[in-house]
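The structure appears below as structure tokens.
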Amino acid sequence: SLFVALQEKDHIKVEEIATRIGDSEHEADLVKNDIRNHLPRSLLLQMDRGNLLEILTIQDRIADLAEDIAILLTIKKLE
């Protein structure tokens, strides 16, 4: 929807979507931190704790990049 709004040159809608993306990324960070803080260290998990934390890191990078792109599109009004 962000790129559709950009294609339609609806800069107000781009800003609204970018704000929603930023809010969602913040919520995702809170969930990520909650998982990291409550993940048991001593119990056996079905997957290695390090692998699970690496997956969380990769997902966080994707969310961060989506937020960065949205912010950049609000700074530079592309035609």
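The values are calculated or read from the model by the stated rules, or taken from the named source; none is laboratory data. Since the model is a prediction, treat every value here as computed from it, not as a measurement. Here Cβ is always computed from backbone atoms with ideal geometry, including for glycine, and neighbour counts include all displayed protein chains. For accessibility, only protein heavy atoms count, side chains too; no ligands or nucleic acids. Shrake-Rupley method; radii C 1.70, N 1.55, O 1.52, S 1.80 Å.
I'd like the carbon and sulfur percentage of the solvent accessible area for the range 1-47, probe radius 1.4 Å, heavy atoms only, ligands and nucleic acids excluded. Display every interim value, and only then the final one.
Details: 2020 of 3780 Å².
Reported share for carbon and sulfur atoms: 54 percent.
Give me the extension gain from Glu16 to Lys76: residue separation times 0.36 nm, minus the current Cα-Cα distance, reported in nm with one decimal.
Values: separation 60, 0.36 × 60 = 21.60 nm, distance 1.49 nm.
My answer for the length gained is 20.1 nm.
Assign unit charges at the C-beta atoms only (+1 for Lys and Arg, -1 for Asp and Glu), then state the dipole size of the chain relative to its Cα centre in Debye, rounded to the nearest 20.
Values: 10 positive and 16 negative charges, 42 e Å.
Using Cβ point charges on Lys, Arg, Asp and Glu, the chain gives about 200 debye.
If you take every residue apart from Leu39 with its C-beta less than 14 Å away from the C-beta of Leu39, what net charge results, scoring Lys and Arg +1 and Asp and Glu -1?
Details: positive: Lys32, Arg36, Arg41, Arg49; negative: Asp34, Asp48, Glu54.
That works out to +1.
Please give the per residue accessible area of the chain, computed with a probe of 1.4 Å over protein heavy atoms only, in Å². List each step's numbers first, then the result.
Details: 6050 Å² over 79 residues.
Accessible area per residue: 77 Å².
I want the local charge near Thr57. Using Cβ-Cβ distances under 11 Å, sum +1 for each Lys or Arg and -1 for each Asp or Glu among the other residues. Write out the running numbers ahead of the final one.
Numbers: positive: Lys32, Arg36, Arg61; negative: Glu54, Asp60, Asp64.
Once positives and negatives cancel, what remains is 0.
For the range 7-43, which GluC sites (Glu not before Pro) are in a loop by DSSP, counting at most 10 other Cβ atoms within 10 Å? Present the calculation step by step, with values, prior to reporting the outcome.
Numbers: sites: Glu8, Glu15, Glu16, Glu25, Glu27; in loops: Glu8.
Passing sites in the range 7-43 are Glu8.
List, largest first, the extents of the alpha carbons of the chain along their principal axes, each in whole Å.
Here the Cα extents, ordered largest to smallest, are 54, 17, 16 Å.
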